[in-house]
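In what follows, a structure is listed as structure tokens, so that the remarks can point back to it.
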Amino acid sequence: MDGAQLVAVRLNINGAVRTAHVAASMTLAEVLRGRLGLTGTKIACNRGACSACTVWLDSMPICACMMLAVDVGTRSVTTIEGLAQGETLHPVQQAFIDHDALQCGFCTPGMIMSCAALLKRNPEPNAEDVRAAISGTIVVAEPIHTSSPRRLPQPKRKGDERGETSKSPHGGLSLGYR
Ligand code: FES
């Protein structure tokens, strides 16, 4: 970035106009995080493959790592920080908390933005709709279930009685649940 000429961009983000001085090569994700302090948007692959950086551009979920900030223009950007209404979380944010869906948290903002966008265009999605909406999300962490009411009891396996953990079929540590 040293020596790069900076240009001023005005971005309509979460309902407010923000100005940032950016290099023309900076992506929207970089500007959100590095210039505007909106670090809820994550950057993982930085090449449009994982959806960790999902934000809305005029209500459409996009990968912010694949759009230059200078190309946003007058379109509105919504990030995970703009989803809640004051102190009230968006229902999808609340559902992720209620159902222990956070995992390590890195893919969570992007997944929430994708799910919330789905609900905006289809208030009654079926399971297939939800799968399709988040199909671009790559999840690395394995969920650790602690209090999900939908958790099914699992048969005890050898070693469980001794309080040992065991390797899950997915390669991560299983805390007694599959
Ligand atoms: S960081 Fe943008 S898609 Fe992976």
Might you let me know whether the stretch 36-50 holds any residue that is within 24 Å of GLN5 (Cβ to Cβ) and not in a loop (DSSP other than H, G, I, E, B)? no
Qualifying residue in the stretch 24-35 (condition: modelled with pLDDT of 95 or more and assigned to a strand (DSSP E or B)): yes
Have a look at GLU128, GLU142, GLU164, GLU87 and point out the one that is of a type in the set (Asp, Glu) and modelled with pLDDT of 95 or more. GLU128
Looking at ARG47, ARG35, can you tell me which residue is within 13 Å of the ligand (Cβ to nearest atom) and within 22 Å of the chain's Cα centre (by Cα)? ARG47
Filter the stretch 6-32 for residues that are closer than 16 Å to VAL77 by Cβ, of a type in the set (Gly, Ala, Ser) and surrounded by fewer than 18 Cβ atoms within 10 Å (Cβ to Cβ) and give the result. GLY15, ALA16
I'd like to know if the stretch 51-69 contains one or more residues that are open to solvent by 30 Å² or more (accessible area, probe 1.4 Å), in a helix (DSSP H, G or I), near the ligand (Cβ under 9 Å from one of its atoms) and not acidic (Asp, Glu). yes
All-but-one check, GLY3 against (1) closer than 28 Å to ARG131 by Cβ; (2) open to solvent by 50 Å² or more (accessible area, probe 1.4 Å); (3) modelled with pLDDT under 95, failing number (1)
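The values are calculated or read from the model by the stated rules, or taken from the named source; none is laboratory data. The structure presented is a predicted model; accordingly, all values stated were derived computationally and were not measured. Virtual Cβ from ideal backbone geometry, glycine too; neighbours counted across all protein chains shown. Surface accessibility is based on the protein's heavy atoms, side chains included, excluding ligands, DNA and RNA. Shrake-Rupley method; radii C 1.70, N 1.55, O 1.52, S 1.80 Å.
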